[in-house]
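Working notes, structure below.
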């Protein structure tokens, strides 16, 4: 009998899920499962990676969802309330693109408006963003299961009718059976509670006409991953492994095969079949997008003469009037191109003089037509605007770094201070029509000024248009050893000894030459625990000589290595959106370490941001620029001399003598 898992936690259910997305898809495809859902706790962190592996396993339809936390008091704004510490669970799955965008809204507002220990939603949000979504009643922590277990069938029925009224035929009741093989009384009661709840669910299903689905609340991939997940839970709650009173799972929460699920619910085969009904309701859709750039607001003076400029720069505008699929980009785009051309040619006069040479003119024309053709005029307008604002506020800006230094347009706009023509730098390394990708200009500011630039952009485009970018910290080899050793109560000196013999850098081993078996060649290996156990002599010897507890510690550490441990905020990546960012991507909120204010942070990490059409820029704060700025200020104070650091020639004799004498502390890039 066919079956689809619709309640699945990946390792993005941080420190609770231990299922790598790649392995989930591999197992689902091997078992012939036609679809697979992702329903992490309260977030959509893993959705882009989920789609990535779905493309590699086309026989398994991806189902995007989330296990939301719902306010018990139906008030997401309520804080400091004991009941809000135990929010209800609820499974929501996107049927289509509309449903996906509504999931994005729900998870974003759960952080922005409803965060209290966990991100929470309420019925008001569900009423507003329910279209295109399939809903199920979740696990024992769901509102309906809790009411049933508390013998309040009237409340359970009332809740079912509310959800049925909202979601119609897309609301389902959910049953689970986790009959543990572990010999712990507290864990055995989980199955007992589930059976009590299941009986009530089947009874109310018949009475109220709501279909039931079977799920397995997946937290890891295979049955033998249960002990690994058990250690992860110990790490989460900082419990010793041998603590008899600690939290335990049944170890039945793995991605069971279709046959296992059919056998588990052989008395109710319809709950297995109903999962296919949901899978069939899911449409195929793509959340990736062409660039969705913010629209730059043109000055009133320029707009008043716009017809003149539209005619003046018609050939450059014509180069980009349509995008790659032939659709018109519109008049606002044409105006942005015209303004970019205006600023560029005005800047060219400052850089090169009133009369441009043939090389200068042809290079500028080529670059502007390429920028227009690729649809990026607003990108350059936005960058030059906040760089100009930074300089006018006294913030130091770097002269240009990376491939952007090859753009004459960037030079004329004073985005960079390096003349590409003088140094024969290639524009095509920066922007190439044959390789459609967002421009990438790394912008350096002095440390103190970076925050001011961010605030300027925030004020100009709107606070909900700007965000930071999330990062995910994973367990490295050394920290995995120390973490597992701690819960196994291995002496600290032993865990220190083991962690210190793990190489800090990739190491070399000799392997047979594939072209000549009589020879050996060097191969570089990452210093992860499996490689260290097998190939690093010192660590391998320590492993073989270890006592059973220590060997277990290394084995479990190797299996947990790479697990996501925490979220963070990228040091410099910034997203600027055309409108409220929740229109495009899921957002979260973290506290600013300096000011204590809430900061918007994307739920997708930087490597995926541009794929979904968002503009990502790097605002890097450099102490190097702060030192230079302070030096120039001190020279002015002590000597009364104004220094223009940009005017110092690159072949300055005194500077080279300084280098030659070794009178420098460091050189930045």
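Quick look at the values:
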quantity	calculated
Test: residue 106 is in a helix (DSSP H, G or I) and surrounded by fewer than 18 Cβ atoms within 10 Å (Cβ to Cβ)	no
Only listed residue being in contact (Cβ under 8 Å) with a residue 12 or more places away in the chain, on the phi < 0 side of the Ramachandran plot and within 19 Å of the chain's Cα centre (by Cα), chosen from 7, 41, 55	41
Odd one out for residue 259 among (1) at pLDDT 95 or above; (2) crowded, with 16+ Cβ neighbours inside 10 Å; (3) not assigned by TED's automatic domain parsing to the domain that holds residue 406	(2)
Criterion violated by residue 273 - all others in (1) modelled with pLDDT of 95 or more; (2) outside the structural domain of residue 100 (by TED's automatic domain parsing); (3) surrounded by fewer than 20 Cβ atoms within 10 Å (Cβ to Cβ) satisfied	(2)
Residue identified as farther than 30 Å from residue 22 by Cβ, surrounded by fewer than 21 Cβ atoms within 10 Å (Cβ to Cβ), in contact with a helix residue (DSSP H, G or I) (Cβ under 6 Å, 6 or more places away or on another chain) and at pLDDT 95 or above among 161, 208	208
Helices (runs of 4 or more DSSP H) contained in the range 320-394 and holding at least 3 residues under 17 Å from residue 419 (Cα atoms)	331-352, 358-374
Search result, residues across the range 354-374 that are touching a residue at least 60 places away in the same chain (Cβ under 8 Å), within 24 Å of residue 294 (Cβ to Cβ) and surrounded by fewer than 21 Cβ atoms within 10 Å (Cβ to Cβ)	373
Condition check for residue 285: under 32 Å from the mean Cα position of the chain (by Cα) and closer than 20 Å to residue 487 by Cα	no
Any hit, the range 217-229, residues being on the phi > 0 side of the Ramachandran plot, touching a strand residue (DSSP E or B) at 6+ places or on another chain (Cβ under 9 Å) and in the same structural domain as residue 30 (by TED's automatic domain parsing)	yes
Number of positions in the range 72-87 that are crowded, with 22+ Cβ neighbours inside 10 Å and under 15 Å from residue 163 (Cβ atoms)	0
Members of the range 130-145 found to be touching a helix residue (DSSP H, G or I) at 6+ places or on another chain (Cβ under 8 Å), closer than 18 Å to residue 83 by Cα and not in a loop (DSSP other than H, G, I, E, B), listed by number	143, 144, 145
Filter result (under 30 Å from residue 1 (Cβ atoms) and not in a loop (DSSP other than H, G, I, E, B)) within the range 231-267	254, 258, 259, 260, 261, 262, 263, 264
Residue that is farthest from residue 349 (Cα to Cα) [pool: residues in the range 401-419 that are crowded, with 21+ Cβ neighbours inside 10 Å and touching a residue at least 40 places away in the same chain (Cβ under 8 Å)]	407
The range 290-310: number of residues that are under 35 Å from the mean Cα position of the chain (by Cα) and closer than 18 Å to residue 346 by Cα	1
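The values are calculated or read from the model by the stated rules, or taken from the named source; none is laboratory data. What you see is a predicted model; the values in this text were computed from it and never measured. Note that we place each Cβ from the backbone using ideal geometry, even for glycine, and neighbour counts take in every protein chain shown.
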